[in-house]
1. Along Cα→Cβ, 7 Å out, is where each label goes; now give me the distance between the ones at Gln314 and Leu260 in nm to one decimal.
2. Could you size up the charge dipole of the chain around its Cα centre, putting +1 on the beta carbon of Lys and Arg and -1 on that of Asp and Glu, and report it in debye to the nearest 20?
3. Kindly give the semi-axes, whole Å and largest first, of the ellipsoid equivalent to the range 147-236, taking each as the square root of 5 times a Cα gyration tensor eigenvalue.
4. Can you list residues from other chains, or at least 5 along the same chain, whose modelled amide H is less than 5 Å from the amide H of Ile246?
5. Counting only heavy atoms of the protein chains, get the accessible area per residue of the chain (1.4 Å probe) and round it to a whole Å² value.
6. Applying the Karplus parametrisation 6.51 cos²θ - 1.76 cosθ + 1.60 with θ = phi - 60° to the phi angles of the range 274-280, what ³J(HN,Hα) value in whole Hz is obtained for each residue in order, glycine and proline being reported as x?
7. Over all directions, average the projected area of the Cα convex hull of the chain and note it in nm².
8. Sorted by average packing, counted as other Cβ atoms within 10 angstrom per residue and highest first, what order do 93-99, 257-263 take?
Amino acid sequence: MKLLITGGAGFIGSHVVRLFVEKYPEYHIFNLDALTYAGNLENLVDIEQAPNYTFIKGDITDEDFINGLFHSYKFDKVIHLAAESHVDRSIEDPLAFVKTNVMGTMNLLNAFKNLWKADFNDKLFYHISTDEVYGSLGQTGLFTETTSYDPNSPYSASKASSDHFVRAYGETYGMPYVITNCSNNYGQHQFPEKLIPLFINNIIHNRPLPVYGDGNYTRDWLYVKDHAIAIDLVFHEGKNTETYNIGGFNEWKNIDLVRLLCEQMDIELGRVKGSSEQLITYVKDRPGHDLRYAIDASKIKNELGWEPTVTFEQGLAKTIKWYLNNEGWLSNVTTGQYQSYYAKQYN
Ligand code: NAD
Ligand code: DAU
């Protein structure tokens, strides 16, 4: 089987690529990635020589390139993760999100459909989406697979749009597909623009921890390797045209999470208890900030038998240790462009 994974040099994609390359030597895994600021081949050095792995540098927004690639390689299945993924960046530059997340997805859908429309047997387009498409919850309730779409940020609107197109291609052309909508991931190799790695990096350097608004926003956190396990399961056992929500059964208010992180970092860094907490700084809120996300993951649990394997405390401890042991990775990704992004976003 020729499996195309897009965005495989990014955070979640690199964990998915590694899992598939190691677990399925009989598949050939093609990792297509444009290597934007978020893509990093250092994430995959341990498997880059594997005989069942090929990296292809390329941009999903380049229609001719994508058509040519599908024509040459004839991928049987696709797991599509490539995206612009950071909400704050989508507020600054919404069109970049339309280009990659909507137009890029369209290019993949068209190339896949045109290649296999005569016979879709044993073919699959697996689209990786987010819980943010459902909008924001109040203090109670959970997102289920039937919750209406109600996206609030340019990022989530672009992801919602791509989800709709995937479904439309299933309905209209009979293209086999599955979609998963996952909650907030954390773990090793996450780019330090997202809450947890940003704050780990700032604590290491004794920099302020910029908590948006009052910090009472809630997210449902999942360890990235548990997401990769869920993707493997849905890829192999998910039902055609179905959506599965994936979540950690693990809700945290931002401020409580940040306090836990500070506590664990003080221990790891041998600092006086309470010292990292003093770095907490409340800053201007994110525009359109969604109050709460929480996933009802009972469908994937009951139908496919998936559950997170790692508790939040365990996952966070592993994550902190990884960043502390890989300061070279952190400093490589936080030079240059990162400095100007940081100055613009936080100063
Ligand atoms: P990421 O930003 O870490 O990685 C994205 C990858 O896509 C990078 O390697 C980047 O180089 C690549 N890419 C970007 N634009 C591209 C283009 N035009 N052509 C080819 N490659 C391109 O993102 P992530 O956090 O790993 O998220 C991966 C996917 O999972 C995204 O679709 C995201 O919407 C979804 N998701 C993320 C989370 C989360 O918490 N991070 C949760 C749910 C769903
Ligand atoms: O829910 C899934 C989504 O989770 C994914 O689809 C996105 O790709 C991913 O980026 C993530 O989106 P969030 O906006 O929830 O993640 P982020 O890490 O940016 O922020 C988490 C929370 O922390 C959110 O309430 C905003 C807050 N925050 C974030 C940053 C970067 C701060 O208070 N300060 C910060 O500096």
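1. Those two pseudo-labels are separated by 1.4 nm.
2. Working: 30 positive and 43 negative charges, 49 e Å.
In debye, rounded to 20, the chain gives about 240.
3. Details: eigenvalues 207, 62, 22 Å².
With the √(5λ) rule applied to the range 147-236, the semi-axes are 32, 18, 11 Å.
4. Residues meeting the amide H criterion: Asn181, Cys182, Ser183.
5. Solvent-accessible surface per residue comes out at 42 Å².
6. Result, ordered by residue: x, 6, 5, 4, 5, 7, 4 Hz.
7. Values: hull surface 66.0 nm².
With the hull built on Cα positions only, its mean projection is 16.5 nm².
8. Numbers: 93-99: 16.4, 257-263: 19.1.
Descending packing order for the listed peptides: 257-263, 93-99.
The values are calculated or read from the model by the stated rules, or taken from the named source; none is laboratory data. In this text the structure is predicted, and so the values were computed from the model without any measurement. Glycine gets a Cβ as well: all are built from the backbone with ideal geometry, and neighbour counts include every protein chain shown. Just the protein is used for accessible areas: all its heavy atoms, side chains included, with ligands, DNA and RNA removed. Shrake-Rupley method; radii C 1.70, N 1.55, O 1.52, S 1.80 Å.
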